[in-house]
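Structure, as C-alpha cells:
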Amino acid sequence: MPEVLITENIIGEEMDKLRERFDSIFEPNLWKEPDRLRAMIPDFRALIARNQTQITRDIIEAGTRLEVIARAGVGMDNVDLAAASRAGIVVAWTPEQNSNSVAELTIGLMLSLARMIPDADVDTKKGGWNRWKYIGVELLGKTLGIVGLGRIGSLTAAKARALGMEILAYDPYVDPESLRAMEVRARLTSLEEVLALSDFVSLHLPETDETRGMFGDEQFGQMKPGAYFINAARGGVVKEDALLRALQEKRIAAAALDVRQQEPAVPSAFDEMTNVILIPHIGAQTREAQRRVVTAVARDVTAILNGEEAKHFANFSKPRR
Ligand code: MLT
C-alpha cells in the first residue's frame, strides 16, 4: 500500500531518498482536484504539499491513516491546523528555510519600484531610449515600514538598514526587548504611524482570521502620499479593489505584488498598469530555499514514518493517534 502522497511539485535529492524508502505517489497537479484528493487520502500515512493544496477539515478527517501533513513552506493558511491537531496528526513545516529568499525578493521589489526597472526594461526592448522617463528615487535615507516583524520582516529590516534606510515596524506580537536581543534595528510603533511616515510599506504577515482583508481603503488612505506598497506575504491580507483605487487615484505611487487574493491570479486592471509589478508567488523560489525546504520536509516525514520525532512542527513532534 502506498504511504506518501505528494500533491505539488516537491522534488530534490532528499525527496528521492524518501520515495525510495516509502512507497509514494507523486501527483504534482493533484492540488487542482480536491475531490480526487479526498477520495485518495484514506490510503496514506503522509501528505506532502506546498501552499496550493487546500488541506481542509474534510480532507483531514478522511485521512484516517494520516500521521503527518508536511507543509513545504511557512504559510499555514492552506492547512486546517486545528482539525489536524484534533485528529492527532503532526503538521510539519519549514520555518526559516525560505525566509532569506523572501527578504531578498522584497529588497529586489523595492529597488525595482524605486527605479522602475521592469517598465524600463519593457520600454527599451520595444525600441525606446527614454532616460528622462525613468527618473526614480534612492532608498538611502528613506523609511521602510514593515508590517509583521517575524523572521522575514526582521531579515528584510536588516538588509534595508544596510541600504541606508530607516525602519519603522508594526507587530503587536513582538516586544521591544526581544527586538533588542535579536539586534533588529527597527522602531516599533502603531500601524497608523507606520503607514503615515513610511516611503515604502512592506507586508510580512501570515494570513489568519485576524489579518485577512486587513489592508483596505482606510489603510491605503493612511499611507504617505506617493508611497510605495509591497506584498510578498499573503494576498488575502490585502483587498485588491482598495489597492487598485489607491493607485488609480494616485494616492500611492506604485505597488509590487508577489502574492494575490486569488492564486493563480485571474486577469485584472493591474495587468495594464506600468506602476504595478506582478510576479507569480516566487518569494521562496530560489535553489537554496527549495533545497533547504525539501530537505527539511523529507527528513521530518521520514522521521515520523519511522516512529521518530519531527524537528520542525506546528503542533506536536509525534502523531497522537
Ligand atoms: C511559503 O509559505 O513558504 C511561501 O509562500 C512559499 C510556498 O508556500 O511555496
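Sequentially through the stretch 86-97, phi angles give Karplus couplings (6.51, -1.76, 1.60; θ = phi - 60°) of 4, 7, x, 8, 5, 10, 8, 8, 9, x, 6, 5 Hz, Gly and Pro residues having no value and appearing as x.
For the stretch 26-147, the Kirkwood radius over C-alpha pairs fed into Stokes-Einstein at 10 °C and 1.306 mPa s yields D = 89 µm² per second. Residues Val122, Val301 in ascending order of nearby Cβ atoms (within 10 Å, fewest first): Val122, Val301. Cβ crowding within 10 Å, taken as a proxy for footprinting-reagent exposure, orders Phe270, Phe220 from fewest neighbours to most as Phe270, Phe220. Treating r as the C-beta distance of Glu210 and Ser268 and R0 as 25 Å, the FRET efficiency rounds to 0.45. Between Arg287 and Glu183, the simple label model (points 7 Å from Cα in the Cβ direction) yields a spacing of 2.9 nm. Using the Cβ-Cβ distance between Arg65 and Arg36 with R0 = 22 Å, the FRET efficiency computed as 1/(1 + (r/R0)^6) comes to roughly 0.80. Mean separation of Cα pairs under 8 Å and 6 or more residues apart, divided by the residue count, gives the stretch 175-321 a relative contact order of 16 percent.
Ordering Leu18, Leu188 by the number of other Cβ atoms within 10 Å of each residue's own Cβ, fewest first, gives Leu188, Leu18.
In sequence order, the stretch 285-295 has phi-based couplings of 8, 10, 4, 5, 5, 5, 4, 5, 4, 5, 4 Hz under the Karplus curve 6.51 cos²θ - 1.76 cosθ + 1.60, θ = phi - 60°, and Gly or Pro positions carry x. Inter-label distance, Ser85 to Glu308: 2.6 nm, where each label sits 7 Å from its Cα along the C-beta direction.
The ratio of the alpha-carbon radius of gyration of the stretch 159-237 to the globular-protein estimate 2.2 N^0.38 Å is 1.11.
Using only alpha-carbon positions in the chain, the gyration tensor eigenvalues give semi-axes of 38, 22, 18 Å once each is multiplied by 5 and square-rooted (largest first). Full extension of the segment from Asp217 to Val122, taken as 0.36 nm per residue of separation minus the current Cα-Cα distance, would add 31.1 nm. The aspartates and glutamates within cross-link reach of Lys250, meaning a Cα-to-Cα straight distance under 19 Å and a gap of 8 or more places when in the same chain, are Asp119, Asp199, Asp217, Glu218, Glu240, Asp241, Asp271, Glu272. Highest mean packing comes first when the peptides 201-208, 157-164, 227-234 are listed by Cβ atoms within 10 Å, giving 227-234, 201-208, 157-164. Where in the stretch 68-126 are there trypsin sites (Lys or Arg not before Pro) that are in a DSSP coil and have at most 15 other Cβ atoms within 10 angstrom of their Cβ? Loop-located and lightly packed - Lys126.
Every number in this text was worked out from the coordinates using simple rules, so none of it is lab data. Here the structure is a predicted model, which means the values were calculated and not measured. Heads up, the Cβs are rebuilt from the backbone with ideal geometry, glycines too, and the neighbour counts pull from every protein chain shown.
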